[in-house]
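The next block holds one structure in the form of structure tokens; read it before the comments.
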Amino acid sequence: MRFGGMNNPMVDITEEIAIMADLGFDFLDLTLEPEETYSANIKVKTITRALARAGLGIVGHTAWYLPVASPFPELREVTIRELERCMKVFRDLGADKMNVHPQTKVPLHDEEWVVAQNVEVVARLASLGEEIGVKVMLENMPNFSRVSQIKPIMEAVPEALLLLDVGHANLDTPHNYSEELLAHFGERLGHVHIHDNRGGKDDMHLPLGVGNINWLRVVRALKNANYDGTITIEVFGDDDDYLVMSREKLKYLWDHTEAGEGVVYRA
């Protein structure tokens, strides 16, 4: 199991890399967003040297607010071009996987239409990723974490992996969907984001244990899926102690939790 942290795109990336190394993380979950890490302005050689000095690996992350399912085809094309450029940056930096955030709602369009647009864009990106050498991971989002929403995309795009965001699976829902997503797509799990919240609509990115997510159940579900890959501790705040504390709490649970019997969940 390897643990990483995410950079703040408003802060110099070399500073962020040094901080993650000092905190003892294994990799950087590099988000390519303006201002400091906009894909068009990124300095690949500088970042490559900084990662090498720090001994950090890298996982690719992209902006969550890109209009993937826009009803304007021109905006979808711009989005695909931006994400293709991100792929090439990540390839050059040595990353072999990159997330894509589905667009969850579009005014005047129903859920079926939104899902269909996400399918089309993710399929095109996965095809580009096969050529470039970067795997595309579909990240579940608040209000877009049900199996019935994720399944059409995963079935239509067999090359795509799942990025399970446990915090997102706890929002706009009567219960956390993480276990159900793992039960259906655990064999295609490519990466995990860990952070806490208190349900409802606020994506708070709290330290583990501060919200209402049952982390023992989450860890058991990950072990049931035989997952042993990369996990980003996506806890945001000014005090890095909370980031480290969350990682150590997760490590403890991982080391002291056995896989349990599988549960069949509704779709």
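Annotations for the structure displayed:
- Rounded to 5, the percent of DSSP beta bridges in the chain classed as antiparallel: 5 percent
- A Cβ-based charge dipole, computed about the Cα centre of the stretch 1-141 with Lys and Arg at +1 and Asp and Glu at -1, lands at about 480 debye.
- Note on the chain: with charges restricted to the Cβ of Lys and Arg (+1) and Asp and Glu (-1), its dipole about the Cα centre is near 460 debye.
- Restricting the trypsin sites (Lys or Arg not before Pro) of the stretch 1-104 to loop positions (DSSP other than H, G, I, E, B) with no more than 12 neighbouring Cβ atoms within 10 Å leaves Lys43.
- Projecting the Cα atoms of Met204, Thr79, Asn7 onto the dipole axis of the chain, where Lys and Arg carry +1 and Asp and Glu carry -1 at the beta carbon, places Thr79 farthest toward the positive end.
- Each Cα pair under 8 Å and six or more residues apart adds its separation to the average, and for the chain the resulting relative contact order is 15 percent.
- Within the same chain, aspartates and glutamates fewer than 8 places from Lys105 are excluded, and of the rest, those with a Cα less than 16 Å from its Cα are Glu120, Glu139, Asp172.
- The P(r) of the stretch 1-96 has a tail past 17 Å containing 48 percent of all C-alpha pairs.
- Answer label for Kirkwood radius over Cα pairs in Å (calculated), chosen among (i) 18.7; (ii) 18.1; (iii) 20.8: (i)
- For the residue pairs Lys135/Lys249; Lys45/Lys201; Lys201/Lys251; Lys201/Lys223; Lys43/Lys251, the alpha carbons lie more than 31 Å apart in Lys45/Lys201; Lys43/Lys251.
No value in this document is a laboratory result; all are computed from the given coordinates. Everything quoted here is computed from the prediction, not taken from an experiment. Positions of Cβ are backbone-derived with ideal geometry, glycine not excepted, and every protein chain shown enters the neighbour counts.
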